[in-house]
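Taken together, the values in this text are just the output of simple stated rules run on the coordinates, not laboratory data. This one's a predicted model, so the numbers in the text were calculated from it and none came from an experiment. Note that each Cβ is placed from the backbone with ideal geometry, even for glycine, and that neighbours are counted across all protein chains shown.
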Amino acid sequence: MDIRIGFGVDVHRLEEGREFWMGGLKLPSSFGAVGHSDADVLIHAICDALLGALNLRDIGFHFSDTDPQYKGIDSKILLKNVMTLIKEKQFSVVNIDATVILEKPKVNPHIPEMQVILAELLEVEIDRVSIKATTHEKVDSFGAGEAVKAYAVCLVSKGL
């Protein structure tokens with residue numbers, strides 16, 4: 001049996017008038033994250049964790065922010081592509097544990113729906129997708145509502 005741990009982090013600036021995508025779900029908000037894709041910080045952190053677990057570099061290596069084919073792309077597609085790479089190596093996801101840092105909008109009411117979306121993409125049971133949310137207590141750019149950050153760790157296995 002081969003078991004590996006991966007860690008991912010992602011940050012995006014926030015801006016008025018943009019859609020706010022997180023965990024594959026569009027959150028109700030007058031502002032959203034800025035990025036080349038849909039800027040889904042949670043999915044990006046999960047992608048990096050999965051890629052890191054198998055020493056497959058990072059999300060920017062696979063989906064460059066200078067490549068026009070990824071402009072505005074739904075991050076769920078990026079995660080599906082990462083899962084293809086994971087399966088090509090004959091690994092599967094055991095679990096994900098993620099934390100989002102954001103002052104507003106509140107993430108907690110949306111976590112159950114995000115878990116359903118992510119569990120399907122990751123091909124795991126819902127109870128294997130942990131999502132937590134916290135604020136930065138009004139400290140720095142995250143606390144001032146200027147940015148959003150997500151951390152994710154994963155466990156993947158071959159032969160489990």
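Here are some notes:
- GluC sites (Glu not before Pro), loop per DSSP, at most 16 other Cβ atoms within 10 Å - longest free stretch of the chain: 20-122
- Residue among Ser157, Ser130, Leu25 farthest towards the positive dipole end of the chain, charges placed on Cβ: Ser157
- Summed side-chain charge close to Gly159 - residues other than Gly159 whose Cβ falls under 14 Å, Lys, Arg +1, Asp, Glu -1: +3
- Taking only the C-alpha atoms of the chain, Rg followed by Dmax gives 15.0, 48 Å.
- Phi to ³J(HN,Hα) by Karplus 6.51 cos²θ - 1.76 cosθ + 1.60 over the stretch 9-24, Hz, x for Gly, Pro: 9, 8, 9, 9, 6, 9, 8, 4, x, 10, 6, 10, 9, 8, x, x
- Within-11-Å neighbourhood charge of Lys71 [Cβ basis; K, R +1; D, E -1]: -3
- Amide H contacts for Ile73 (H built 1.01 Å from N in the peptide plane; partners 5 or more residues away or on another chain; cut-off under 5 Å): Asp38.
- Cα long-axis angle, helix 75-88 against the chain (0 to 90 degrees, to the nearest 10): 20
- Here the Karplus relation 6.51 cos²θ - 1.76 cosθ + 1.60, evaluated at θ = phi - 60°, turns the backbone of the stretch 32-39 into coupling constants of x, 7, 9, x, 5, 8, 7, 6 Hz, with x for every Gly and Pro.
- Prolate/oblate/rounded call for the stretch 34-103, Cα gyration tensor, a/c under 1.5 rounded: oblate
- Residue-wise HN-Hα coupling along the stretch 98-110, computed from phi with Karplus coefficients 6.51, -1.76, 1.60 (Hz; x: Gly, Pro): 10, 10, 9, 10, 7, 6, 7, x, 5, 8, 3, x, 9
- Around Val9: net Lys/Arg minus Asp/Glu count, Cβ-Cβ under 9 Å: -1
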